1. Yes or no: T148 surrounded by fewer than 17 Cβ atoms within 10 Å (Cβ to Cβ), over 12 Å from the mean Cα position of the chain (by Cα), modelled with pLDDT of 90 or more and over 20 Å from H12 (Cα atoms)?
2. Is there any pair linking a residue in segment 155-168 that is assigned by TED's automatic domain parsing to the domain that holds A141 to one that is outside any helix (DSSP H, G or I) and modelled with pLDDT of 90 or more, with Cβ under 6 Å and at least six apart or on different chains, and which?
3. Where the second residue is assigned to a loop (DSSP other than H, G, I, E, B) and crowded, with 17+ Cβ neighbours inside 10 Å and the first is outside the structural domain of W114 (by TED's automatic domain parsing) and lies in segment 29-43, which pairs have Cβ atoms under 8 Å and are six or more apart or on separate chains?
Amino acid sequence: MREDDVLENNTHISRSALEAIHDQVFGWALSRCDYEHVVAEDLVQQTYVELLTGRAKFQGRSSLKTFVFSVVQNLARSRFRRLASRMRLVQEVKRNTIEEPVASIAPAENPALWQAVQSLPQRQRDIIELVFCRDITIEEASRVMGVTTGTGRVHYDRAKKALRASLADGVER
């Protein structure tokens, strides 16, 4: 790492390393906010502020990618925690009053697969996205999610079984 490339308040992080993973960080932020680009941009910007000011301090205990994904995850959780109950209520009202199906953004090439992934419980969906779409290991994904590696492996295994069953049902129809 060059001296002029190192972040002042986070000496174990270089600007070039952050630039190298920016697209993946933005993709993870998009998935944390239901693919709303403006909210994802705010989330990424807030992540970079945390890193630049040193409030999120990288100690090298994991890869930089895992650390930054964890910062995004934690910021998204805290940002949406207050709104979660209100949003569930609004969504419930919409489901009960609007008969039209809600269009979803399917970033995967296979819409049936993406729909099956979207139907998984949150943690299973997160681990599948992190491992397959964001190209990190189960261990790193577990750290991002704030669970033990064993718990991450359980979510991963259950997600694969649920996807297999869901896709098999779709083929039989």
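1. Against the criterion (surrounded by fewer than 17 Cβ atoms within 10 Å (Cβ to Cβ), over 12 Å from the mean Cα position of the chain (by Cα), modelled with pLDDT of 90 or more and over 20 Å from H12 (Cα atoms)), T148 qualifies.
2. If the second residue must be outside any helix (DSSP H, G or I) and modelled with pLDDT of 90 or more, the pairs left are A159/L120; A162/L120.
3. Short answer, once both residue conditions are applied: V39/C33; A40/C33; L43/C33.
For (1) over 23 Å from I138 (Cα atoms); (2) of a type in the set (A, V, I, L, M); (3) modelled with pLDDT under 65; (4) exposed (fewer than 13 other Cβ atoms within 10 Å of the Cβ), each residue gets a yes or a no:
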{"position": "T11", "(1), (2), (3), (4)": "yes, no, no, no"}
{"position": "D34", "(1), (2), (3), (4)": "no, no, no, yes"}
{"position": "E41", "(1), (2), (3), (4)": "yes, no, no, no"}
{"position": "Q73", "(1), (2), (3), (4)": "no, no, no, no"}
{"position": "S85", "(1), (2), (3), (4)": "yes, no, yes, yes"}
{"position": "A108", "(1), (2), (3), (4)": "no, yes, yes, no"}
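The values are calculated or read from the model by the stated rules, or taken from the named source; none is laboratory data. Predicted, not measured: the structure shown is a model, and the values here were computed from it. Please note: Cβ atoms are built from the backbone with ideal geometry, for glycine as well, and neighbour counts cover all protein chains shown.
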